[in-house]
Amino acid sequence: MNFIYQWPDVSISLDRMNEIHTQKDEENENRISKSHLMTTEPALVGYLNYKSKETKWAVFTGYNWTNTKLSLNTGLRYEVLSSMYDDLPSVEDNVKKKYHNIFPSFKISYSDKG
């Protein structure tokens, strides 16, 4: 989902994204990390039964100002990220997290070709 509103110097956008992953009853094979520091044997991990869901909401607002030699662009993005990991065989291992982040942006440009 994506909404965008724009006026001559101001813009506002709203984004939403969902991601869902599920894995059930698949035997975990021997895995070695890229750095070769960690090895997980199937006997230690067993079967993977999980469901994970990630939802991200974000709103962005920006302002643009320009004259003959100088231009200014500013913006602010506010993002909410919710993640949920459900370990299907073991409910006590479930993890839910929610993050709130603000990302400012600023750009100033000068041109003597005005």
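The values are calculated or read from the model by the stated rules, or taken from the named source; none is laboratory data. The model shown is predicted, which means the values in this text are computed figures rather than measured ones. Note that each Cβ is placed from the backbone with ideal geometry, even for glycine, and that neighbours are counted across all protein chains shown. Note: areas computed on protein heavy atoms with side chains; ligands, DNA, RNA excluded. Shrake-Rupley method; radii C 1.70, N 1.55, O 1.52, S 1.80 Å.
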Keeping every protein chain in place, order Lys56, Lys98, Lys51, Lys113 by accessible area at 1.4 Å, biggest value first, i.e. largest first. Lys113, Lys98, Lys51, Lys56
Which order do you get for Tyr5, Tyr50 if you rank them by accessible area with a 1.4 Å probe, largest at the top? Tyr5, Tyr50
Just grab the label-to-label distance for Asn94 and Ser52, each label 7 Å out from Cα along the Cβ direction, in nm (one decimal). 1.7
Going by accessible area, probe 1.4 Å, with all protein chains left in place, what is the ranking of Val80, Val91, Val10, largest first? Val91, Val10, Val80
